[in-house]
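Here's the structure we're looking at; comments come further down.
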Amino acid sequence: MELSGVEETNARYLALGELVDAASTFEMQLRTALCALIGSKYAAVIVAGMMAGELIENCAAVTRRHREITEPARTRLTEVLSTAKTLSERRNRLVHDVWASGGPDGPVLLRSKRRDHTLPASGTSVAVVQETVHALRAVTFELRQALMDELGPEIATIEIQLRWEEHVATMTPEELEAMERRRAAAADGTKP
């Protein structure tokens, strides 16, 4: 069944929205990964606001020099980060290039480049966007898993630790007491 122009446009918008959602989760995982590789809650200050490409490059650089990572884990992380770089670049093209009608072969992406007046075109489709969404979600999971397997599950919270400590520091005595009751109840398996 062939889609109408409006249906095709709506499918593209939906797929691009899913891609933006997957990319934001991916970038957050990259921040968590870099904090874990650095091994400090204060790394969150450094990684804040970094773009995906810079996060990937820094993760790869630290992975190459990290003395506590085994060689098999280093290889695994290097492969995951290589895939992440490819997917991040593809995501950038799909989101930032101009989608244009390509004629009988479907849409094309027109890419503007610095100091170049031409607009190189490359074919694309909604299916390519959807494949990228699935691949980004998979590499996000794989990166998290590779780090947890090598550095332990506590790395999953290192990026949020500083924010959590600041939040707790602003809590009232009543809020702290309620939190402690919930924690004790959870440990006992009872209701607070």
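Exposure proxy for L55, L119, L147, L109: other Cβ atoms within 10 Å of each Cβ, ordered fewest to most, give L119, L109, L55, L147. With respect to the chain, whose longest principal axis is taken over its alpha-carbon atoms, helix 5-38 is tilted by about 40°. Dipole magnitude for the chain: computed about the Cα centre from +1 point charges on Lys and Arg Cβ and -1 point charges on Asp and Glu Cβ, it is near 580 debye. Among D97, D149, D188, the order by Cβ neighbours within 10 angstrom, fewest to most, reads D188, D149, D97. Over all orientations, the chain has a Cα convex hull whose mean projected area works out to 17.1 square nanometres.
Where in the chain lies the longest segment free of trypsin sites (Lys or Arg not before Pro) that are both loop residues by DSSP (not H, G, I, E, B) and have at most 14 other Cβ atoms within 10 Å? Segment 116-192 is the longest. Here r is the Cβ-Cβ distance between A11 and T157 and R0 is 45 Å; the resulting FRET efficiency, rounded to 0.05, is 0.75. From helices alone, the chain scores -23000 deg cm²/dmol at 222 nm; the rule is -39500 (n - 2.57) for each run of n ≥ 4 DSSP H residues, then divide by the residue total.
Only Lys, Arg, Asp and Glu count, each charged at its Cβ (+1, +1, -1, -1), so figure out the dipole size of region 54-156 about its Cα centre, rounded to 20 debye.
Dipole about the Cα centre, nearest 20: 380 debye.
For the chain, the relative contact order works out to 27 percent when only alpha carbon pairs closer than 8 Å and six or more residues apart are counted.
Read-outs: derived from the displayed coordinates by stated rules, not from any lab. Computed from a predicted structure; not experimentally measured. Ideal geometry is used to build each Cβ from the backbone, glycine not excepted, and the neighbour counts take in all protein chains shown.
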